[in-house]
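Asks: Take a look at the following structure, please.
Each reported figure results from applying straightforward, stated rules to the coordinates on display, with no laboratory input. The shown structure was predicted, so the numbers you read here are calculated from the model rather than taken from an experiment. Positions of Cβ are backbone-derived with ideal geometry, glycine not excepted, and every protein chain shown enters the neighbour counts.
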Amino acid sequence: MRYDRRMTARRNADPNIAEIAALIGDPGRAAMLLALLDGGDLAASALASVAGMTPQAATAHFKKLVAAGLLVGRSAGRHRFFRIASPEVGHAIETLAALARPARIVGLTQSAAFERLRAARSCYDHLAGRLGVSVTDQLVERKAIVPAGRDYTVTQQGRSVFADLGIDVDDVQGERRRFARACIDWTERRPHLAGSLGASLLDAFLRKRWVTRNLNDRALRITPDGVREFRRRLGVAW
C-alpha cells in the first residue's frame, strides 16, 4: 500500500497547532493579540482600530479568537471588551515575538515606542524588557532563584528576598499555574522571570510605585523611587 502523508496527518493524535497558527497568523488578529499583551482588556472598537479594520469586520475575527480560546469577552453596557484568555496564551504570543524578525524602524515615533518597550514593559502579567531581564539576573546572581531547565526554583535565601518585597512564596506557589517560568524576552533574547512568581513581582513593583503603567502601550515607566529602590534592594542600576 502506497504511503499517503495526507492520510497520516488526518489520523495522528497531535494537537492541531495549524489551526491556532492560522488564527494568530492573520496580521489583523496578530495586532489585536499584541495590543492585549499587557494582560488588560480593550474595547472592541479600540482593537478594531489597532487592527486597521471596521468594527463590523472585526466582529468576525473576535468570534474566531474567542471560539479558539485565545480571547475572552465581556459586556459593559453597549460596549464589548476583550482580553487574552490565559497566561498560557500570553506566553505563546511572547514566544512567537521572540522568534519573529524585529520590525523595521522607519520613523522617530516608531523608534521611541520600541525603546520604551525595550526598556521596561509588561509581558502579559509579568515584568519584561531590559528591566525584567536585569531583575532576573540579579535574583540568580544573589542565589534567590536557581535555573532549573525551563523554570526556576526559589532558595531559602530567596524566600527572604521575596518576603522583603511583600511576596509570600508559599501563597504564590499554591496558585494553579506554572510557578516560576523562564520566559525568553523578545527584545533582549534572554530569559526573564514569568509564572505566578513573576506576576507577583510585577504586582509588588506596581503597588510600591517603582514602576507605573503607560496609557498608550504596555511600556512601563521607572519612577525616581524605583530607580533608587531597584539599586538598593536588588542591585539593578538604572
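Asks: Would the stretch 162-176 turn up any residue that is under 25 Å from Ile93 (Cβ atoms) and either free of Cβ contacts under 8 Å to residues at least 12 places away in the same chain or touching a His at 6+ places or on another chain (Cβ under 7 Å) (or both)?
Replies: yes
Asks: Looking at Trp186 and the list (1) over 14 Å from the mean Cα position of the chain (by Cα); (2) in a loop (DSSP other than H, G, I, E, B), which single condition is not satisfied?
Replies: Condition not satisfied by Trp186: (1).
Asks: Further question on the same structure: Need the failing condition index for Glu115 against (1) surrounded by 12 or more Cβ atoms within 10 Å (Cβ to Cβ); (2) in contact (Cβ under 8 Å) with a residue 12 or more places away in the chain, just the number.
Replies: Only one criterion is unmet by Glu115, namely (2).
Asks: Scan the stretch 219-237 and give yes if some residue there is out of contact with any Gly (no Cβ under 6 Å at 6 or more places or on another chain), among the basic types (Lys, Arg) and within 25 Å of Ala85 (Cβ to Cβ), otherwise no.
Replies: First, pick out the residues of the stretch 219-237 that are out of contact with any Gly (no Cβ under 6 Å at 6 or more places or on another chain): 219-237.
Filter again for among the basic types (Lys, Arg), leaving 221, 228, 231-233.
Restricting the remaining residues to those that are within 25 Å of Ala85 (Cβ to Cβ) gives none.
No, that holds for no residue.
Asks: Of the residues Asp203, Asp185, which is acidic (Asp, Glu), out of contact with any Lys or Arg (no Cβ under 8 Å at 6 or more places or on another chain) and buried (at least 19 other Cβ atoms within 10 Å of the Cβ)? Please lay out each step first, then the result.
Replies: Details: Asp203 fails: buried (at least 19 other Cβ atoms within 10 Å of the Cβ).
After ruling out the rest, the residue left standing is Asp185.
Asks: Turning to a different aspect of this structure: Kindly list the number of the only condition in (1) under 30 Å from Leu33 (Cβ atoms); (2) in a helix (DSSP H, G or I); (3) among the hydrophobic types (A, V, I, L, M, F, W, C) that fails for Val161.
Replies: Condition (1) is where Val161 drops out.
Asks: Could you run through the stretch 74-103 and say how many residues are of a type in the set (D, E, K, R) and either closer than 27 Å to Glu175 by Cβ or in contact with a Leu (Cβ under 7 Å, 6 or more places away or on another chain) (or both)? Can you show your working first?
Replies: Looking only at the stretch 74-103, we keep the residues that are of a type in the set (D, E, K, R), and these are 74, 78, 80, 83, 88, 94, 101.
Narrowing the set further to residues that are either closer than 27 Å to Glu175 by Cβ or in contact with a Leu (Cβ under 7 Å, 6 or more places away or on another chain) (or both) leaves 74, 83, 88, 94.
Looking only at that region, the number is 4.
Asks: Still on this structure, please answer the following. What are the residues in the stretch 66-100 that are of a type outside the set (A, V, I, L, M, F, W, C) and under 16 Å from the mean Cα position of the chain (by Cα), if any?
Replies: Of the stretch 66-100, the ones of a type outside the set (A, V, I, L, M, F, W, C) are 69, 73-75, 77-80, 83, 86-88, 90-91, 94-95.
Matches in the stretch 66-100: Arg83, Ser86, Pro87, Glu88, Gly90, His91, Glu94, Thr95.
Asks: Now for a different question. Before we move on, is Gly39 under 26 Å from Ala194 (Cα atoms) and within 11 Å of the chain's Cα centre (by Cα)?
Replies: Numbers: under 26 Å from Ala194 (Cα atoms): yes; within 11 Å of the chain's Cα centre (by Cα): yes.
Here the answer is yes, as Gly39 does meet what is asked.
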